[in-house]
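Read-outs: derived from the displayed coordinates by stated rules, not from any lab. None of the values given here were measured: they were computed from a predicted structure. Positions of Cβ are generated from backbone atoms using ideal geometry, with glycine treated the same way; all protein chains shown enter the neighbour counts.
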Amino acid sequence: MPNRNLSGRLIPGFPVFPLDCLSWLLEVNELMEAFENVLDGVGMVDSVVDDGNDRVVVRTVSTKGEAKKAQRLLVQEIADMGRATFPKDWVNVDDRFGPTLVGAFLDDRLVGAALVGPAQEYSAALAATCRGVWPSRLLDDALYLVGTEIAETPGIAVVPDHRAEGIGLRLKRYCDLWAAQHGAYLMFSRPTNKAACRLNEKAGHKVLEGDVSFVTQIVDAQDRPLTGVVRIDPACDGSFQAFRQLTVADGLMWRFRVGQYPAVSQVDGTGDDHAVRIDPGHIAWYEWDRSGLVRSVLAPAPRLEHDVSMGLRRVSMES
């Protein structure tokens with residue numbers, strides 16, 4: 001059975017594995033279980049975003065006036081939000097997987113806002129990093145996957161008078177749930193201060209420490225690498241320092257995995273929660289289980305520039 005992307009086209013340069021009848025039936029069974037999981041809401045994202053304050057309602061904006069107020073709040077409170085891609089028609093009336101403004105309303109008054117949608121910043125960074133390195137058709141398929149299965153939250157803002165009331169966390173969780181319901185597998189964020197980092201951590205996201213780099217790689221259903229590791233320096237535009245898996249992987253589609261380089265691990269026996277060990281020889285790949293708990297898997301950092309067996313050049317991990 002050849003590997004295909006979400007549009008049904010063959011994935012160029014990807015290996016084709018012969019399957020016997022038994023393994024084919026097992027894969028079909030896995031696919032059906034994954035489909036049932038989606039219908040039943042099984043996954044890591046908590047569908048409960050209400051903190052008990054029924055006066056605050058979190059939802060997508062429904063009018064052009066609400067959209068203007070939400071965009072104005074985001075631009076005023078967050079640096080660099082002026083370059084974000086906002087909905088062209090202000091309101092996502094078709095409820096499609098596109099840039100969408102979310103508002104938190106207290107007695108019909110906007111007290112918080114967020115922007116959620118496809119990972120356009122990461123898509124641009126991936127294109128800039130891999131153009132001329134990956135075959136063009138492979139890059140096109142990767143960008144198609146990003147545009148349909150990876151979401152980002154460029155910014156969340158709360159009016160000053162209502163901060164520290166849990167509104168930002170409700171907006172964050174709403175964005176995660178919205179993305180999962182629209183088929184997104186991963187969520188990327190770029191927290192700009194310590195408060196934003198704490199917000200992401202409370203919502204179950206992994207926030208990278210210090211100056212480590214955000215890395216991604218495309219793998220197959222057996223977690224075998226299909227491309228080299230892409231490293232995006234945190235100082236560059238399009239870099240992300242927070243991410244999480246939103247839904248349970250179906251086990252059949254090729255997908256992105258996310259991690260950090262170099263790996264950072266706790267120093268055992270120190271009694272200091274902030275004592276960490278930098279491991280420049282390994283990548284820490286992150287994955288979430290169904291309950292939402294995150295764990296890291298260490299893997300040697302690749303050093304080869306070219307993998308002849310797959311015909312794909314790797315992005316160098318050299319500092």
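Of the cross-linked pairs Lys64/Lys206; Lys64/Lys194; Lys172/Lys206; Lys68/Lys88; Lys68/Lys172, those separated by over 23 Å at the C-alpha level are Lys64/Lys206; Lys64/Lys194.
Each peptide in 148-160, 75-87, 288-300 gets a packing score, the mean of other Cβ atoms within 10 Å over its residues, and the list from highest to lowest is 148-160, 75-87, 288-300.
What shape does segment 73-126 have by the C-alpha gyration tensor, where a ≥ b ≥ c are the square roots of the eigenvalues, rounded means a/c under 1.5, and otherwise prolate means a/b greater than b/c and oblate the rest? Because a/c hits 1.5 or more and a/b fails to exceed b/c, segment 73-126 counts as oblate. For segment 98-171, taking Cα atoms only, Rg and Dmax work out to 17.0, 53 Å respectively.
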